[in-house]
Amino acid sequence: MIKEDLEAIRAKAAEKIAAAEGTDSLNDIRVALLGKKGELTSLLKSMKDVAPEDRPAVGKMVNETREEIEKRLAEAKKTFEEKELEARLSREKIDVTLPAARNRIGHPHPNTLALQEIEKIFTGMGYEVVDGPEVERDYYNFEALNIPANHPAKDEQDTFYINKDILLRTQTSGVQVRQMERGKLPIRIIAPGRVYRADEVDATHSPVFHQVEGMVIDKGIRFSDLKGTLEEFAKQLFGADTRVKFRPHHFPFTEPSAEMDVSCFKCGGKGCRFCKGEGWIEILGCGMMHPKVLRMSGVDPDEYTGFAFGVGLERIALLKYEIDDMRLLYENDTRFLDQF
Ligand code: DAH
């Protein structure tokens, strides 16, 4: 009697499992047959009607039936899961041959490119690149550079004052003083950085711009060293055919002082639109360290001599990349910047 019932349950299970449509219906089948109120469970309850000597055999049959149903359910579940995985994989298929979305990658600003080139030239000649503060004491920006309180250079380089003694530096020349004060000689440095002046913005002026200062102090440094160094700099920066010309000039912290012109790298010196017909382009100020400036910072001018120079970084960038308006360097219009 129980045996037939078990047979019926087993057959029913096989049929239902075969017809199941997914893991949810497998669960329903499990509950209906093997659950607390399931058919096999109720059958177990009728064990009390079975003769005691038959019970072990019947018990064994019930267990076998349960195991078989469990096994079928597990197999069916596995098949469904595999099918679902396959379906998901084909749904989420990625076409690896599609072109990737391109990242917009930035690149160095023309000022940075010009600075990298200048630094490469001078470090190649054994110079060290140093830094100085942009918020500077009046002493370092003017006083120690032989520009006393009532000097006209202070008007030409009008700046932004934090208070009477502290200002935004107008030139990188103050770094010369700070280097000398460290007391280590000889010195061979360049000092790039931002400088400030109370200027109106136009095609060639900006209240914030950059300079690269240079200074060499050693025993026996002469004007010929200055000329040779800066000529080499010009040739490396603008091409081997570049010629240089030194015009006398005045700077309070150098004596003698000069401005250096380079032959126009566009026309080779014949005169063109680029050099405004001059054939020459002014690029920097320079001179021999003023003995007074050396002495003020603790360097003995009888033992040591030196030279210094200051280059406008924007001026170099504008020339090198043939840009005709300085404002373009600061507007951060990517249509402009992308060209470099
Ligand atoms: N500091 C000067 C300026 O801003 C440039 C300069 C000229 C720097 C001569 C120097 C130098 O070191 O020797 O106009």
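The values are calculated or read from the model by the stated rules, or taken from the named source; none is laboratory data. Just so we're clear, the structure is a prediction, and the values are computed from it rather than from any experiment. Methodologically, a virtual Cβ is constructed for each residue, glycine included, from the backbone with ideal geometry; neighbour enumeration extends over all protein chains shown. These accessible areas exclude ligands, DNA and RNA; they are computed on the full protein's heavy atoms, side chains included. Shrake-Rupley method; radii C 1.70, N 1.55, O 1.52, S 1.80 Å.
Determine whether the range 236-246 contains at least one residue that is under 18 Å from residue 127 (Cα atoms), open to solvent by 30 Å² or more (accessible area, probe 1.4 Å) and modelled with pLDDT of 95 or more.
Checking the range 236-246: at least one residue is under 18 Å from residue 127 (Cα atoms), open to solvent by 30 Å² or more (accessible area, probe 1.4 Å) and modelled with pLDDT of 95 or more.
Here is a yes/no grid of residues against (1) exposed (fewer than 10 other Cβ atoms within 10 Å of the Cβ); (2) touching a strand residue (DSSP E or B) at 6+ places or on another chain (Cβ under 8 Å):
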residue	(1), (2)
92	yes, no
97	yes, no
102	yes, no
109	no, no
113	no, no
119	no, yes
122	no, yes
133	no, no
145	no, no
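Residues checked against (1) of a type in the set (Asp, Glu); (2) open to solvent by less than 10 Å² (accessible area, probe 1.4 Å):
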{"site": "140", "(1), (2)": "no, no"}
{"site": "162", "(1), (2)": "no, no"}
{"site": "167", "(1), (2)": "no, yes"}
{"site": "172", "(1), (2)": "no, yes"}
{"site": "181", "(1), (2)": "yes, no"}
{"site": "193", "(1), (2)": "no, no"}
{"site": "201", "(1), (2)": "no, no"}
{"site": "209", "(1), (2)": "no, no"}
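Starting from the range 209-231, take each residue that is of a type in the set (Ser, Thr, Tyr) and list its partners that are within 11 Å of the ligand (Cβ to nearest atom), counting only C-beta distances under 9 angstrom and pairs at least six apart or across chains.
Correct list of pairs: 229/214; 229/216; 229/307; 229/309.
With respect to residue 276, determine if the residue is part of a strand (DSSP E or B) and either free of Cβ contacts under 8 Å to residues at least 24 places away in the same chain or out of contact with any Cys (no Cβ under 8 Å at 6 or more places or on another chain) (or both).
Against the criterion (part of a strand (DSSP E or B) and either free of Cβ contacts under 8 Å to residues at least 24 places away in the same chain or out of contact with any Cys (no Cβ under 8 Å at 6 or more places or on another chain) (or both)), residue 276 does not qualify.
Within the range 289-311, take every residue that is assigned to a strand (DSSP E or B) and open to solvent by 20 Å² or more (accessible area, probe 1.4 Å) and give me the one that is nearest to the ligand (Cβ to nearest atom).
Looking at residues that are assigned to a strand (DSSP E or B) and open to solvent by 20 Å² or more (accessible area, probe 1.4 Å), I get 310.
Which pairs turn up if I take residues in the range 164-184 that are without any contact (Cβ under 8 Å) to a residue 40 or more places away in the chain and look for partners that are in a helix (DSSP H, G or I) and within 13 Å of the ligand (Cβ to nearest atom) with beta carbon separation below 8 Å, at least 6 apart in sequence or on another chain?
167/141; 169/140; 169/141; 170/141
Among the residues of the range 147-159 satisfying the criterion of being touching a residue at least 60 places away in the same chain (Cβ under 8 Å) and part of a loop (DSSP other than H, G, I, E, B), which is most open to solvent (accessible area, probe 1.4 Å)?
Filtering the range 147-159 for residues that are touching a residue at least 60 places away in the same chain (Cβ under 8 Å) and part of a loop (DSSP other than H, G, I, E, B), the one most open to solvent (accessible area, probe 1.4 Å) comes out as 151.
Against the condition in the same structural domain as residue 215 (by TED's automatic domain parsing) and more than 18 Å from residue 319 (Cα to Cα), how does residue 287 come out, does it pass?
yes
Okay, residues lined up against (1) at pLDDT 90 or above; (2) surrounded by 13 or more Cβ atoms within 10 Å (Cβ to Cβ); (3) assigned to a helix (DSSP H, G or I):
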position: 26; (1), (2), (3): no, yes, yes
position: 36; (1), (2), (3): no, no, no
position: 46; (1), (2), (3): no, no, yes
position: 53; (1), (2), (3): no, no, yes
position: 65; (1), (2), (3): no, yes, yes
position: 68; (1), (2), (3): no, yes, yes
position: 76; (1), (2), (3): no, yes, yes
position: 85; (1), (2), (3): yes, no, yes
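Within the set of pairs 6+ apart or on separate chains, which have a first residue in the range 78-104 that is assigned by TED's automatic domain parsing to the domain that holds residue 20, a second that is in a loop (DSSP other than H, G, I, E, B) and open to solvent by 100 Å² or more (accessible area, probe 1.4 Å), and C-beta atoms under 9 Å apart?
From residues that are assigned by TED's automatic domain parsing to the domain that holds residue 20, the pairs are 80/21.
Here are the criteria: (1) within 23 Å of residue 148 (Cα to Cα); (2) away from the ligand (no atom under 13 Å from the Cβ). Tell me which single one residue 243 does not satisfy.
Status for residue 243: all satisfied but (1).
Looking for whichever is out of contact with any His (no Cβ under 8 Å at 6 or more places or on another chain), of a type in the set (A, V, I, L, M), more than 10 Å from the ligand (Cβ to nearest atom) and assigned to a loop (DSSP other than H, G, I, E, B) here; the options are 316, 323. Which one fits?
323 is the lone residue from the list that is out of contact with any His (no Cβ under 8 Å at 6 or more places or on another chain), of a type in the set (A, V, I, L, M), more than 10 Å from the ligand (Cβ to nearest atom) and assigned to a loop (DSSP other than H, G, I, E, B).
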